[in-house]
Structure formats: structure tokens, C-alpha cells
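To start, the structure under review is shown below, and the notes come after it.
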Amino acid sequence: MSLRKFITNKTTAALAVLITAFANTSVFAQDAAAGAAAAPKVDMGEVYKSVIFYILVFLAVCLFIAIIGKAIRVYELSREAQGKAVGINWNRIHASLFALFLVIGLYGVYWEYTVHGAMLLPAAASEHGKKIDEMFNLTLIITTIVFVVTHILLFGFSYIYKYSAKRKAYYYPHNNTIEKIWTIVPALVLTVLVLMGFLTWRSIFFKVEDPKNKPLQIEVTSEQFKWSIRYPGADGVVGNKNYKLTTATNPLGIDFKDLNSRDDEMADEMVIPVGKPVKLILTSKDVIHSFYMPHFRVQLNTVPGMRVFFEFTPTKTTAEMQQETNDPNFKYLFFCAKICGSGHYNMQKVVRVVSEAEYKTWIAEQKTYLNDDLRKQFNLPVAPAPAKAAADSTATDTAAVKTNQMALNK
């Protein structure tokens, strides 16, 4: 072989390119290793937390895929120009990808149910919570079955009936029987689900009050970023309030012209007796919040200028739930489920479900909202001094008189 042919030979040229690339890569790797050894270590933790880092990684992956695609396209065009058969059967590849994604997708559904299924909702601790869970589970079962069956058919047909030059597709434009089936069956299923939801809704929101077991009224007022809880006094009725009466001393704007307001009590936590109906009165001072009690299946918006009512009956005490969850630190909580501002995450309060006797003991210890400053503001008579304080004052005066008499006798 002559020198000219040796130099122009494709194999020789390819080997020369590979040797040159390998030599340059080796030199670059050695320089990089030496520089890395000399340079101080850099903490990449903050880089990995950056959004820009992941955007650049995504763009790099997209660029890599685009380069591979262009290379394959050049390969196909070169074979076409040379009059050779197509090298890659894309129909077979796409069909195989459909089958692969079907398997991966179904495994993903199974993984979500087994791993995240228990995270959907905590155990229900109210009477209506059981009804909501039954309706939710039935809907989830039906939709899961439909999802799995339809995707097996969709991806399965794409794989089985991939293009083949050996057969011709069958033209099948219409079938009345199939149209009736996939119209009537979903309509019946959805009708059943809607009726179940309607009846469950009515059983929760439209209750006949039992005069022998009247619900406990509790007013909850939301504001950025806290909750205020007001209980009724001995009359069992939470009094009225008016936003026009809101002042520094009366932040809730309670109207003390309403006699029902004068014995209302404030609390730092919500304490409710087990087995007794509780009627929540929800309102807001500033923006729309969302009152959310996950264990009791309660979630309603609190709207400024509007009173929203909801009644439920707790079925498990806090102590019972601690035993059931095997968590001695378990607490019922209610949250704000509406992103209402920077302090939204901190809007939560403890809910304690106790026995009737424990509730009566606790409520007797709470203080009334009406204080001497509010009495003066609303021109109400100031409460008399406690009897104990008066007795102590009398005893002090008597002791002073006796001391003076002894001094005079001397």
C-alpha cells in the first residue's frame, strides 16, 4: 500500500482521530486531577438546592437527546441515499415503548397505593367522617378499575396492532352497541355516585336538632395569623358580634347589648366532649381562610362578614386515639388550609376530645371575655370585687383597729 493510500484510508483516519482524542482527553484529565488536588474542596450542597442547577441539567439532557436524534436522522438519510433498506424499525420501537410504559405505569399505581395510600387521610374520628370515607373509597375503587382497564386496552392495542406491511388495517367506523354501552354504563355509575354524595351532604348539613341533646356551640374566628375560640356561657348561646365594634379592647367586635354575649368565654384550645354534637360557627376578620380538621372530616372557608355553620359529633377521645395510633404525643389539630399569607403555616390550634366530666371541669375554669374595660366602654356596671378580697380587706381593717386601741391603752 502506497503512503498516499495509507493516509487517505478511512480506517487509518478514524484511528488517528481516536488516538488524538484519547491523548487530548488523557492530558486534560491529568490537568483536571492535578488542579482538583491543589484546589480547596467546594461544598456543592447549595448548588444542588438551586433551581438553576436543575434547569441546566434538564437543558443538557434535552441537548443530548437532540444530538442523538440528529445522528440517527443522518444515519437514516445516508442509508436512503445509498438505496439500502431502512435500518431502524420505528414502529416496533414505539410499540415496545408503549408496552414498557404500560408496565412501568401500572407498577407506579401499585407503588402509590402501597406506599402513599396510608397518607391520604388519617383515621376518621367523627360520625359523618365514616360516611365520607365510604363514599371516597367507593369512588376511588371504581375510578382505579376504569383507569387500569382503559390503559391496558389503550397501550395493549398500540402494541398488538402496530404497523406491519404484511397486513391491512380493518376499517371499522361505527358500532351502535358499543356506543350505547360506553354511554349508559358510565352514566349509571356517575348517577349512583352523585346520589350518594347528595344524600351524604344532606345528612351532614341538614340535621334535625334533638331538644334533649342540643349541640355545643363554638365560635371560631380566623385572622392573619391566628385563631380565636369563643365558648358560650351558662345560657349555651354564643352572642352576636359586629365588625363596627372592633377596638383594641374588643378585638372580636362582640356586641354586649346582646345579653347572650356577656357570659361568653375565651379559650386557647378547643376542648369538646366525646359523643356530643358540636356546632361550629366560623367567621373571619380579614381575608378568606380555610378551617380544616382532617380527623373529623371538616373543611370550610371562613369568610369576612359571613357566619358559616357546621355540626359534627366526635367519636374518639384524644386518649383513645393515642392508644389506637400507639403515639402518646398524638394531638388533634385544626389548621388553615388556605394560603393566606406569610404566617399561614403557623395557623393551628390543639383540639382535645375528652369525657363529659372532664369537659365540665375544664369549662368551669375558663374566663369570660367581658372584663372591666369592656364594661366601661359599653356603659355596663362594673363587676363587684370578689367576696374573698372583701373579707381579706375587712380582716385587715379589724387588725389595724385593734393595734391602734392597744397603742392608746399604753
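Each reported figure results from applying straightforward, stated rules to the coordinates on display, with no laboratory input. All of these numbers come straight from a predicted model, not from anything done at the bench. Cβ: placed from backbone, ideal geometry, glycine included. Neighbour counts: every protein chain shown.
Values as computed for the structure displayed
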{"read-out": "Highest-first arrangement of 345-352, 274-281, where packing means the average Cβ count within 10 Å", "value": "274-281, 345-352"}
{"read-out": "Dimensions in Å of region 233-303 - Rg and Dmax from alpha carbons", "value": "13.9, 38"}
{"read-out": "Relative contact order [Cα under 8 Å, 6+ residues apart], region 216-378, whole percent", "value": "26 percent"}
{"read-out": "Over 27 Å [Cα-Cα, region 216-378], rounded percent", "value": "25 percent"}
{"read-out": "Nearest-20 debye value, region 216-378 charge dipole, Cβ charges on Lys, Arg, Asp, Glu", "value": "420 debye"}
{"read-out": "In region 244-361, lysine pairs with alpha-carbon atoms under 25 angstrom apart (chain gap of 8 or more, or interchain)", "value": "22"}
